Each structure stands twice: as structure tokens, then as C-alpha cells.
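Reading through the C-alpha cells given below for one structure.
The values are calculated or read from the model by the stated rules, or taken from the named source; none is laboratory data. Everything numeric here is computed off the predicted structure, so don't read it as measured data. Cβ atoms come from the backbone with ideal geometry, glycine included; neighbour counts cover every protein chain shown. What goes into the accessible areas is simple: the full protein's heavy atoms, side chains included, and nothing from ligands, DNA or RNA. Shrake-Rupley method; radii C 1.70, N 1.55, O 1.52, S 1.80 Å.
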Amino acid sequence: MLLRNFLNILRRFKVATILNILGLTVAFAAFILILMQVDYDYNFNKNIPDSDRIFRLEATWENSAQAVISRPLAEIFFQSSPHIKAGTIVSFPWDRVFEVEQNGSKSLFKESFQPIVPEFADVFALEMIEGTPGSVREPDRVLLPESIARKLFINKSAIDKQLLWEDKIYYVSGVYKDFPVNSSVKNSIYFSMQDENKESWGNSNYQVYVLLDQAENAETVIENYKTNFNEASVKERFGDYAGQVNVRLTPFHDLHYIKHVDYDPIEKSSQQTITVLFAIAIVLIIIASINFTNFSMALTPMRVKSINTQKVMGADTGMLRNALLSEAFAICILSYLLSLGLVWGFSHTSLRTLVDGSTAFSDHSGLILITGGIALLVALVAGLYPSHYITSFSPALVLKGNFGLSAKGRTLRSLLIGFQYVSSFALIIGAIFMYLQNNFMQTTSLGYTTNQLIITNPNSTIHKNRQAFVNELQSFAGVEAVTFSSFLLSSSDRYMGWGREYKDGHINFQCLPVDTSFLHVMDIPLLEGRNFRPSDEATEGGAMVFNERAKIEYNMEVGDKIGSTEVIGFIPDVKFASLRQEVEPMAFYVWGTQNWGQQPNYAYIKINAGTDLRSAMHHVNETLSKFDPGYPFESRFFDNVLQRLYEKETKMTTLITLFSLLAIFISIVGIFGLVIFESQYKMKEIGLRKVMGSSTREILIMFNKVYLRILIICFILAAPIGYLAVRNWQQNFAFRVPLYWWVFVLAFLLIAVITVITVTFQNWRAANSNPVESIKVE
């Protein structure tokens, strides 16, 4: 009878029941996905052997720090303490296009190459599949990660296979097992950097790591360095940096979180982000549990007579409670299984990219089991109170039709709904501001042309025929101009940093080598001085155009010399780096005859307004293929550059927005259940009001007033929480959107409108039912 009664209720309240199961399913699925992201960030760099004893050596200055130092300083540091068991030097990786022979034919591949010293394997234990790590000591030998080896040579041995890059041949001497994706150590093709810059104290271009005997000895190692070496004499060798350099050790585990370190290439997150995501996951589970409890309570008026009839017929109260509790377990288990299907489906859609790392169940077996345990706990906690409440009425009293909702019960449910509202308000406020911040970063004026701009990566073949390449591009009527640069504007937090002597002092600035036409093509105006000329390339030191920040900070003037380089002009403070950073002193630089053999890495192709951009992109790709068929050029619109730059923020915003909407949805499900309870309980009151002349409109207003009062109280509590959370998050950016007042109003109106619609929809039938029938309901 109990099962039949329950099925009858499910049929009668099909929509509410489905929404309740859906709410639990979504909450469990969201919990799993959020914890997958949390696991990725929390365990970043922790899956490397002996990672707790690995530290990065960083140079520190008066007001800053940088993640790169020079090779000779690193070598001295390695010798400074017996606590240092191993040390390694790593250069920045870069992509190379190379040839590999496969089945008698040559194929082109583009992969990351990274110079290292042979001691790399002593710090980061390489698990070798083929060969030995020491073999990389030879200048023409490389180590491949297993993933790349399989791609290049499928199921064949990679040992002694050849990689042809331009005119150089590399031989594979070993294959190592891939490092975890959530690691600072990348799965690159490693080769020996040999003796480059071994005596160059001023070339700080290397990341340096040390393995200590014990992590606790880090401070001792720094003291040993200062004691065993004459720090002043070491500083003197830095030339331009004399009297400023110092060093510190940063734990390997912390590299994913530390900020304000220059030239740090490591992917960043924050402990704050992890905490926020974890809190959202817990809140979603709590909200779903509250909904489940409220929904179970909402069925009380329909189930209590049936249950108490069974009591009168001799049914044991404990048995009835266990049966009701079993229903709760059945619903939670069903929701849990559905959530696994939802997560699986999520991982096979484009939304998969929102979560870093793996979403495979096999990589998160512990999390899957924990979520299953939480589902059982939710069933127990959310099912106990309703099962006891429904069976707590006196059978004689209930059979007469008299039972009610206690004041304490109404207060409890109002508090539970209040928690849902506070959470929803705070989440939606945060999501809106995150969207506004990201939109601001991608659409704000940067001080130069960003629209109608195509970026591509010319190779050596293109550079050998640069003018012919430009002429071919401009044969298309839509191409207005072409220029070149060593760096891609607004693609990074920092660029190449130079330190130079100037006016009996020392200056530091970001240096971006460009073509002589760069400022003109990019519509960057001059405040003072002149633009670059082709003749500047024939001078010994070339020419520099600084930004206004450098002019003011260093008291610069047109015509000044920095070494053999002339300062020819000044421009406004264009936002050449990401908006996470303040605008720093910088210079656009045209190489003179003292060029270090540098070639521009990027071509900027400006398209005329009104030109079909697809046709222009097609022409660019055709031109590239004409000069070097088969080479994997990468052409993109400049908008895509900004999207990549703020990819982490965009993904996090999307995640939090998605889960905020889910929280609102689950909260509305809870309100739906509570309204069912209220409307059923107040059927007689509604009938009496109708008999006394109340209109449907007045009855609906009565119900909505209750929830609007709760809404206002919850908003007053949630607004400061949302404000403080957003203000704290915005500290990650130098340029921020204001904390607009209308966002808070919008959040309130959004949730208020949804609530009013839900309450009105559910109570419309009760308000329009026959009052005589309603009065008969006890």
C-alpha cells in the first residue's frame, strides 16, 4: 500500500518529483566536475617524485622578483651548500616544425623543444621507457615524452630515429614517461643546451631548480650561499645589475599559486579560487539536500492519512519510517547514477574544456566513490526528518483530518530557503562581475589597432623572401598593410626585459623589437619625436620609441642615447601586455647592425574596413602555402589572441556562472516543493478567503509577499558577501571594472522574478479551485 500510495503521489506531482530528482542529479554532477578542477589545482606539482624537496631559485630585487637567472649564478649556487643534492637549469621551450620519416615518406610535425642541462633528470626523476637520460649530453641527442614518441613512430621503437629541423639532425636517445598534466614540468622534446651563456652573467634567461636533502633546509641553503660566497663580488659580475641582485628559494608546490614574479611561465591559479570552487560544490550539495527535505515535507498532507491508516491497521512506526527512508535512498541512488551519466556526457562535449586535466572516471575513482557516499549521506540526513515528521502524528487525530504545520517547522523551512537564496544571490553577483571584468579586458581600447587584423607566424623561408611575401599579400585588394614584430602584443603578462645604464643611473624596461613600419600600421600615435625610418636599421644601435611611463619615470628626452641606441620619440601608454599588469616602462625597438640574428616571429596583416574577413584569411593562408607548402602556419584574427590571453579567467567565469545558474535552478526546485506544501496546507484558508470575497489576484499577492520578505532579508545578507568576494578577486587585475550598483539590483530582480513566477504558477490552481471543495479539506 505504501508503495502504491507513493507511486500515486509521483503520478500526481510528476513535474515536482522530476525536478527534485533533476536537482539532486545536477548537484551531484556539478560536485564531481568542480572537484575534478579542484583536484587539478590542489595537486598541481604534487605528483612529481620528491616534489616536496624541489625548489625554484629566483632572483630578487628591491621591489620585485623574477623567475629567471643567469647560468653562472646558478652554477655558483649549486656549489654553495651540501644540502643541495642536485641542481638543473632549464631554458624556455619553443615550438619547432621538423620532419620525421614515416613508412618511406617524410611528414611534418610541430612540437615543443626545450633546452636543459643533463642534470635535469637528477632533479625531476625521469621514468625512462627506452634509453637513458644521460644520453642527452650529446649535442645532437634528444629525449622524447611517450606521447610524442607514439605520435611520431606509432608502435615502433624511437631510439636512434631522426628529427630533421632546418639543416640540423637530432637523434632520439631516450623516451620518458609523460609528466602529469598538472605539473610545471612540461612534456617537451628535451635537448642539451651545451655551453650557451655559460659565462654570461647579464643574460637572465633560465629557470633554475634544486633538489634539497630536506625541505626544512631551504633557509639554511640561502644562508650558506651568502656565507660561502662574497656576495658583493658576485653582484659586481652582473654589470648593469651591480648592488641589487639577491636570491630566494620558492617551494615547487607553491609555483602554481605565487604571483608578482616576473618572467614566470608557469600556469597560475590561486588558493582563493580553489576555496571558492570547493565552497560552491558544498553549497550545491547542501541546497539539493535542503530541496530534498522540503519536497519530502511538501508531500506530508497527501501521505499522512495513508500512513496513519496503516498505523491503525497495526503497522509498526519503525517499519513505516524505514520504508520512507528507503524511498529517500532510492531517489538519491537514482540521482547519483544519473549524475554519472551527466558527467560522462559533459566530458564528450565542447564544455569539457572548461575543466583542466582529465575528466575520466578512471583518473578520479576516489572522487566517484566519495560522491556515492555523499549521496547516501544526503539520503540519510534529508530523509530522517521527513520520515519522523510524517509518522509523528496521532493516528486518531489524523484520521479525523486534523494535523498542521508547526510554527517551528515553518521557521525551519524558511531558514533553509533563506540559505538557498543567500547562496544564489552571492553566486550570481560574482558571476555577473566576472563576466563584466572579462568582457572589459577583451573589448577595452588598448591604444592600437585590434580590429581587422590577422596574425601569422612566418618561418625562415618567408623571411628570406619577405618583400615578395608582402607583395603577394598586398595583391589582394583587402590587405592594407603588413608589418612584423618579434612579439605578439597583448599575448603575455611580460616580454623581454632589458636593464641599461642611462644618465648615470640604471633603468629597466620591456623591449619589443619591431619592423620600421610597425607604429604606422598599428595606428600608434606619437606624442613627441619621430617615427621609425628604414635608415634606423643601418645605424649601429638602432632606434627606440619609449612609452610615456618611461619618459616620466626616467626623465627621458628625444635624442638621448642608451648605449649606442638613440631615443627618437615617445608614444602614449598603450596596453602592450595583459590588463593583469600595470603599464610599465617599455620601448618599441628597431634593430641596428648589432642584431643578434633575431628574426620577427609574427606578421601583422591589416585588412581594409569593409573587406570580407573570411576571404582575407583565405588569401593569407594561400599566400603562406605558396611560399612553403606543407608548413603548419598558424593564422588567426587578433580577437583570438585576447581570448587565449584570458582563457583561464574566461573558463573560470563560465564555470562559476554555470554553477551559479545551477544553484538558482536547484533553489527554485526547493521553492517549488515548499510552495506545494504551503498551498496544500492552506487550501481551507484559500477557500474561506474566496468565500469572503478575496480575488485570485489578492490570494496570489498574499503568497508572494511571504517569499518577497524572505528575498529582501536574504539579499541584505548576500550583497556584502558578494561585494567583498568580488573586490578581493579583482585584486588580480591592474585594470578593473567599477563595482556597479546596478549589478546588485539586477541580481535581486533576476531571482525575484523567477521566484514570483514559480510561486504564482504553483498557486494559480489553488486560488482558482472551487472554494466549497477547498473548505472541505481538513
Residue list for the stretch 203-230, filter: in a loop (DSSP other than H, G, I, E, B) and of a type outside the set (Asp, Glu): Asn203, Ser204, Asn205, Gln214, Phe229, Asn230
Every pair of residues 6+ apart whose Cβ atoms lie under 7 Å, when the first sits in the stretch 262-286 and is touching a residue at least 24 places away in the same chain (Cβ under 8 Å) and open to solvent by less than 50 Å² (accessible area, probe 1.4 Å) while the second is among the hydroxyl-bearing types (Ser, Thr, Tyr) and part of a helix (DSSP H, G or I): Ile274/Tyr42; Val283/Ser423
Unmet criterion (only one of (1) open to solvent by 50 Å² or more (accessible area, probe 1.4 Å); (2) in a loop (DSSP other than H, G, I, E, B)) for Arg549: (2)
Failed condition for Ile69, given (1) under 25 Å from the mean Cα position of the chain (by Cα); (2) of a type in the set (A, V, I, L, M, F, W, C); (3) over 30 Å from Ser347 (Cα atoms); (4) at pLDDT below 90: (1)
Number of the condition not met by Trp729 [criteria: (1) of a type in the set (Phe, Trp, Tyr); (2) crowded, with 20+ Cβ neighbours inside 10 Å; (3) at pLDDT 85 or above]: (3)
Hits in the stretch 746-760 - residues which are under 32 Å from the mean Cα position of the chain (by Cα), surrounded by fewer than 16 Cβ atoms within 10 Å (Cβ to Cβ) and closer than 21 Å to Met702 by Cβ: Val753
Count of residues meeting criterion [in contact (Cβ under 8 Å) with a residue 40 or more places away in the chain and at negative phi] in the stretch 525-552: 17
Any strands (runs of 3 or more DSSP E) falling wholly within the stretch 112-174 and containing at least 2 residues that are over 26 Å from Ile48 (Cβ atoms): 162-165
Pairs where the first residue, in the stretch 208-219, is under 20 Å from Phe120 (Cα atoms) and open to solvent by 50 Å² or more (accessible area, probe 1.4 Å) and the second is among the aliphatic types (A, V, I, L, M) and modelled with pLDDT of 95 or more, C-beta under 6 Å, 6+ apart: none
Residue among Phe419, Phe484 that is at pLDDT 85 or above and either open to solvent by 30 Å² or more (accessible area, probe 1.4 Å) or closer than 21 Å to Pro632 by Cβ (or both): Phe484
All positions within the stretch 349-360 that are out of contact with any Ser or Thr (no Cβ under 9 Å at 6 or more places or on another chain) and without any contact (Cβ under 8 Å) to a residue 60 or more places away in the chain: Thr349, Ser350
So Leu519, is it more than 30 Å from Leu655 (Cα to Cα), assigned to a helix (DSSP H, G or I) and of a type in the set (A, V, I, L, M): yes
In the stretch 78-111, the residues that are outside any strand (DSSP E or B) and under 31 Å from the mean Cα position of the chain (by Cα): Ser91, Phe92, Pro93
Leading residue by the ranking (modelled with the highest pLDDT) among those in the stretch 131-174 that are farther than 21 Å from Asn103 by Cα and among the hydroxyl-bearing types (Ser, Thr, Tyr): Thr132
Conditions (1) within 30 Å of Ala279 (Cα to Cα); (2) at pLDDT 90 or above; number of the one not met by Val90: (1)
Sole residue being closer than 22 Å to Ala550 by Cβ, modelled with pLDDT under 90 and either of a type in the set (Val, Ile, Thr) or not in a strand (DSSP E or B) (or both), chosen from Gly497, Gly447: Gly447
Any hit, the stretch 637-653, residues being modelled with pLDDT of 80 or more, more than 22 Å from the chain's Cα centre (by Cα), among the polar types (S, T, N, Q) and farther than 24 Å from Phe419 by Cα: no
Those residues of the stretch 721-735 which are among the hydrophobic types (A, V, I, L, M, F, W, C) and assigned to a helix (DSSP H, G or I), in sequence order: Ile721, Leu724, Ala725, Val726, Trp729
Considering residues of the stretch 162-192 that are in contact with a strand residue (DSSP E or B) (Cβ under 8 Å, 6 or more places away or on another chain) and charged (D, E, K, R) only, the residue surrounded by the fewest Cβ atoms within 10 Å (Cβ to Cβ): Lys177
Hits in the stretch 41-80 (condition: of a type in the set (S, T, N, Q), over 29 Å from Gly357 (Cβ atoms) and open to solvent by 10 Å² or more (accessible area, probe 1.4 Å)): Thr60, Asn63, Ser64, Gln79
